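The structure under discussion appears below in the form of C-alpha cells.
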Amino acid sequence: MRFIMDGGNKPNQGAIQKAELSLDRHANRTAGTDTPLPDGPFLRDNVACDTRKRARTRKSMSRRSGQNGYIEKSGNWYVVRWRMDVEGQDERRYLREKICPISGPDKLSASERERKAKVIVERSGANSEQHFNRVVLGETTFREQARVYLQWAVTRDREPIKDAASIKAVLHKWILPAIGDMPLGSLDNIGVKPLVDKMKKSKSLSARTVNKYVEYIKQVVASLKDGETGEAIHKRRWDSSVMDLPMVNQKEQRRPSLKAKAITQLVEESEGEEKALYVLLAATGMRISEALALETKHITNHGRTIEVRQQVERDTPRIITCLKTNAAYRDVDLHPGVAEFLQRYIGDKPGLLFATRNGTPHLHNNIEDRWLTERLKAMGLDEQGMGWHAFRRFRKTWLRGKRCQEDINIFWMGHKPKTMSEIYSHLFEEIDMRLAEAEAVGFGFDLPKNPSEKAVVAPIAPRFKTEVFQEVAVSA
C-alpha cells in the first residue's frame, strides 16, 4: 500500500491509497497516449495522474528473471511453492511440491533443499520459454505463420521479396503438406528431418534445392517475434548434420548450356515468333520472363538497345514492373545483325513482341513444352535443367570467351557488381562504348539468311523516349 506524501513527507489527511506502480519502463505506458507514467518511489503533486488506471501489458518471458521457488514448512514436510502459467487463465496459479521431511534420516540440509527446490521448479516448466509460448501465446502452426511471414516479407521496407510466387509454390507442394499443421514451437532439427529425407528420396530435387527449401522453413520459424523485444520467440540452433542435409557439390549441379551449333539448328528449324524468341534469348542473355514482356517501346537507339523494365508473372499472363533484382533493370545492346533481324520481325507490330491470339503475354512454361522441349528431344539434347535458362548460360559463356569488358558483361546480364572496381565503374553509362563492344564480341551462332515468311521488312525504328514505368495488368 502506498500513500501520497506532502512536502513534509507526512501522510495527508485523506490517506489516499495508491496501487503499486511498476518500475519497468517497458510496462510503464498507458493505453491511447504516448505520455509515460512518472517513475520513482513517490508521486508528488500529481493527484490527477494518481487516479489513472495502469495499462495492462502483454506477458513477456523476457521480463521474467526466473523462479527458484519459495521453501516453507507444511506439516511434517519442507515444500517448495512457485507460480505456474495456466492455459486460459490470466493470473498464474501457485503450485507446491514436497522436498523432504522436517526431521528424520531423509532430512536435507538448507543448501540441499534449495538445490532440490530449484530442480523441481525447472522440471515443472515454470521457467521454460516453450511452456510459456504454448500456454500464454497459444500454439501457432507452421501454416499460419507461413501466411503471416509471406505477407510481411513482400511489404517490408528492408529488402522486400519482390516475387513470392516461387516460395508459395514450394510451400504448397513440399513443405505445408508435411509440416504445415505442426506447432511452430515443436519444429526443430528432428522435426524437419523427415521432410528432408522425403525431398532427397524424390530424386527430382538437387542438393542445392533441398538446402534452399530448408532455408524457407528457418525463415518462417524465426519470423515469429516477441512483441515487446522484437526477438525471435523460437530460437533454434539448426544443425545440418542432424537434419542430414545433402552437401552441395558445384560440379554436380544441373546447369546445362546450349552450344552454338544447337542454337543455329533451333533457329533454322523454327519460324515466326518462335524463331525470333530463340534469336533474342541467345543474343542478349535475357531471362525468359523479361523477353516475353518486351514491347516495341523498349527498343531504342535505332534498334540497337533493349530496355529491360518489366517481366511476365510466373503463373499468370500479367505484366509487372518488378524484376528479379535491382540489377535486372538494365539496357542490353545488340549486334547490328541481330538488331536488323529483330526489326524485320517486328515490322509495324505494336505492343508486345510475343503475344497470344488474345493479345496476352505467353506463359514461359506453356511455350517451353510446345516449342523448346519438343525440338530438344528431336535433337537428342533434352535433359533435366535444359530449359530457357540454357540460352542465358550460352550468352554468358560467349561473352567471357570473347573477353568482353567485365563491367559491361555484368551490366548486360543483369548481375550485381561485387568488387569495388565493378562498383566504381560507370562503363554502363557509356552508350557508344557499349554499342562498339556489342558489335565486337558478336553473338556466336548463325542468323537465318532469309527472314521468316511471316516477317515484314520495315525501316529502322527511331529512338523512343524513356517513359515512367508503371505496373501493367493484362487480363487473360
Selection from region 133-187 of residues that are under 30 Å from R64 (Cα atoms) and within 10 Å of the chain's Cα centre (by Cα):
Y149, W152
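When only residues in region 281-303 that are within 31 Å of the chain's Cα centre (by Cα) and part of a helix (DSSP H, G or I) count, which is farthest from Y213 (Cα to Cα)? Talk me through it step by step, then tell me what you get.
Filtering region 281-303 for residues within 31 Å of the chain's Cα centre (by Cα) gives 281-282, 284-295, 298.
Those left that are additionally part of a helix (DSSP H, G or I): 281-282, 284, 288-291, 298.
Values: L281: 29, A282: 30, T284: 31, I288: 23, S289: 23, E290: 25, A291: 28, H298: 36 Å.
Step by step, filter region 281-303, then rank; the result is H298.
Give Q384, Q343, Q405 a once-over and let me know the one that is out of contact with any strand residue (DSSP E or B) (no Cβ under 6 Å at 6 or more places or on another chain), of a type outside the set (D, E) and without any contact (Cβ under 8 Å) to a residue 40 or more places away in the chain. Let's see the steps before the verdict.
Values: Q384 fails: without any contact (Cβ under 8 Å) to a residue 40 or more places away in the chain; Q343 fails: without any contact (Cβ under 8 Å) to a residue 40 or more places away in the chain.
Only one candidate passes the filter, namely Q405.
I need a count of the residues in region 228-248 that are assigned to a loop (DSSP other than H, G, I, E, B) and either within 22 Å of V170 (Cβ to Cβ) or within 21 Å of the chain's Cα centre (by Cα) (or both).
Summing the residues that are assigned to a loop (DSSP other than H, G, I, E, B) and either within 22 Å of V170 (Cβ to Cβ) or within 21 Å of the chain's Cα centre (by Cα) (or both) in region 228-248 gives 14.
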Scanning for something more than 22 Å from the chain's Cα centre (by Cα) and farther than 26 Å from R314 by Cα, does region 200-211 turn up at least one residue?
yes
Can you tell me which residue is nearest to L381 (Cα to Cα) among those in region 245-276 that are surrounded by fewer than 17 Cβ atoms within 10 Å (Cβ to Cβ) and among the aliphatic types (A, V, I, L, M)?
A260
Among (1) in contact (Cβ under 8 Å) with a residue 60 or more places away in the chain; (2) outside the structural domain of E87 (by TED's automatic domain parsing), K198 falls short only on (1)
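Matching residues to (1) under 18 Å from A262 (Cβ atoms); (2) among the charged types (D, E, K, R); (3) not in a loop (DSSP other than H, G, I, E, B):
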site: R314; (1), (2), (3): no, yes, no
site: C322; (1), (2), (3): no, no, no
site: V332; (1), (2), (3): no, no, yes
site: R357; (1), (2), (3): no, yes, no
site: D382; (1), (2), (3): yes, yes, no
site: G387; (1), (2), (3): yes, no, no
site: F391; (1), (2), (3): yes, no, yes
site: R403; (1), (2), (3): no, yes, no
Only one of (1) in a loop (DSSP other than H, G, I, E, B); (2) touching a helix residue (DSSP H, G or I) at 6+ places or on another chain (Cβ under 9 Å) is not met by E273, so which one is it?
(1)
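Listed here are the residues, each with its yes/no results for (1) charged (D, E, K, R); (2) surrounded by 16 or more Cβ atoms within 10 Å (Cβ to Cβ).
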position	(1), (2)
K73	yes, no
E91	yes, no
G104	no, no
V119	no, no
T140	no, yes
Q145	no, yes
Q151	no, no
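Can you confirm whether V279 is surrounded by 17 or more Cβ atoms within 10 Å (Cβ to Cβ), aliphatic (A, V, I, L, M) and under 25 Å from K324 (Cα atoms)? Spell out how you get there, then give the answer.
Numbers: surrounded by 17 or more Cβ atoms within 10 Å (Cβ to Cβ): yes; aliphatic (A, V, I, L, M): yes; under 25 Å from K324 (Cα atoms): yes.
So V279 passes the test.
The values are calculated or read from the model by the stated rules, or taken from the named source; none is laboratory data. Note that this is a predicted model, so its numbers are computed, not measured. All Cβ positions, glycine included, derive from the backbone under ideal geometry; neighbour counts span all protein chains shown.
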